[in-house]
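Please treat every number below as a calculation from the coordinates, not as lab data. Predicted model, so just to flag it, every value in this text is computed and none were measured. Cβ: placed from backbone, ideal geometry, glycine included. Neighbour counts: every protein chain shown.
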Amino acid sequence: MRDTQKTIPRNQEIPEADQVVSRERLPRRALLSRATALAVLGSFVLLLLIVAAIVWYGTGMLVTVPDITGIQEGVARTRLGQNGLTVASVERRFDAQPAGTVLLQDPASGVRVRRGSGVALVVSAGTEEFSMPDVIGLGIVVARAQLEQRGLVVHIEAVESDAAPDTVLETIPAPGATVRTSDVVRVRIASEESVPSVLLPFPLHDEVFVIDPSPVPSGEVDAPLEATRRLRSLLEAAGARVVVTRSVTDTDVAPAARAQRAAETTPSITAVIGIDATDSAPGGLAVLVPEQEGVAGDRFAVSSLLADEIIDVLGQPDSPVQRVVLPPDPVANAVSSPLVRVRLGSFAVREDTAAFRDPTWSDSVAQAIYRALGRQFSGS
């Protein structure tokens, strides 16, 4: 086959029609100039640095408020200063704590605040002896406010009277008596409703009651045992047999030992009444009842009814009684009879501790429990 490809001599010029035209390609224009891109990148980096600086600065300006309650005011001021804080204000209040002791703080410990912030303090002004104010004839709201402003702990009792409801009829101690800050005072107010006596002569012959007063921390007033002594006297006067699981002479007051004494009493126990005073919050009066699960139906039913009776009798207008589930209890496990425990309060709560020292308060608690037992088991 003949080669048809045209051969052009080396020295011969290429015809114009056969020449390949070479055109220079124009450079493509960038969407974003290098200078602009660098400027945007630099701005972004700068923004990140500013945000990081703000976060670092803000974090460095936050401090944790220390716990300064329970210490002297001077020590508290020093501790606040060491943490970059100041004292915003100081309120002084009469209290059983030694004068100068910090009672409350705001903000509370553990809160994060800005360095230099102020903390408000409530500081004890110590105890004060003064004459019992005369609030007889006043309404209970005004009377209570006046008494509590002087640092007194007010317990209210309703009494049937023809006077206007809620009028103060009597105070114990009486007006003019010497009292001190944190003392408990009983205020009797008029009530339209009939208030039955707590000392009705309930017939409780042949009934057997076990009273289990729990031990208290060393050095504290034995409020459970004081209430137990009074309750025992009332029940025995009504003809009941009473067994107490603890006395002042017992060396072994552990739950197991008390449970053993309860179990050795007799199979026919009418009811077991536990009386407690805890060493931790919360305080206030409460009645503890076993959980229904795992408890025989009749036993739970009677325990629940008895708890309702105690709550009804023991409660006061200003201090309702709580109903709480009883945690595992050795004494409860040792017997098969109805059981409730009455929590008198807590040694960690100032108002409760003051009440524990008042014999008349122990009397009122014992009388209330006695009346509830009489309602439940005497058929009256």
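Which net charge results for the neighbourhood of A262, defined as the other residues with beta-carbon distances under 11 angstrom from its beta-carbon, given Lys and Arg at +1 and Asp and Glu at -1?
Here the count lands on 0.
Treating only the Cβ atoms of Lys and Arg (+1) and Asp and Glu (-1) as charged, compute the dipole magnitude of segment 62-124 about its Cα centre; round to the nearest 20 debye.
Roughly 240 debye for segment 62-124.
Name the shape class, rounded, prolate or oblate, that the alpha-carbon gyration tensor gives for segment 108-240, where a ≥ b ≥ c are the square roots of its eigenvalues, rounded holds for a/c under 1.5, and otherwise prolate holds if a/b is larger than b/c and oblate otherwise.
Taking the square roots of the gyration eigenvalues as a ≥ b ≥ c, segment 108-240 is oblate.
Roughly how many debye, to the nearest 20, is the charge dipole of segment 129-191 about its Cα centre, given +1 on each Lys and Arg Cβ, -1 on each Asp and Glu Cβ, and no other charges?
Magnitude of the dipole: close to 200 debye.
In terms of the Cα gyration tensor, with a ≥ b ≥ c the square roots of its eigenvalues, is segment 254-380 rounded because a/c is under 1.5, prolate because a/b exceeds b/c, or oblate?
Prolate is the answer for segment 254-380, as a/c is 1.5 or above and a/b outweighs b/c.
Under a plain spin-label model, where a point goes 7 Å from the Cα along Cα-to-Cβ, how far apart in nm are L305 and Q146?
Placing both labels 7 Å along Cα→Cβ, they lie 4.6 nm apart.
Under a Cβ-Cβ cut-off of 15 Å, what is the net charge of the residues other than L85 that fall near it, where Lys and Arg count +1 and Asp and Glu count -1?
Value of the local net charge: +2.
Excluding A334 itself, calculate the net charge of residues whose Cβ lies under 11 Å from the Cβ of A334, where each Lys or Arg counts +1 and each Asp or Glu counts -1.
Combined, the nearby Lys, Arg, Asp and Glu give -1.
Measuring from label point to label point, each 7 Å out along Cα→Cβ, what is the R323 to E236 span in nm?
With each label point 7 Å from Cα toward Cβ, the separation is 3.3 nm.
Please order F347, F209 by the number of other Cβ within 10 Å, starting at the fewest.
Ascending Cβ contact count within 10 Å gives the list F347, F209.
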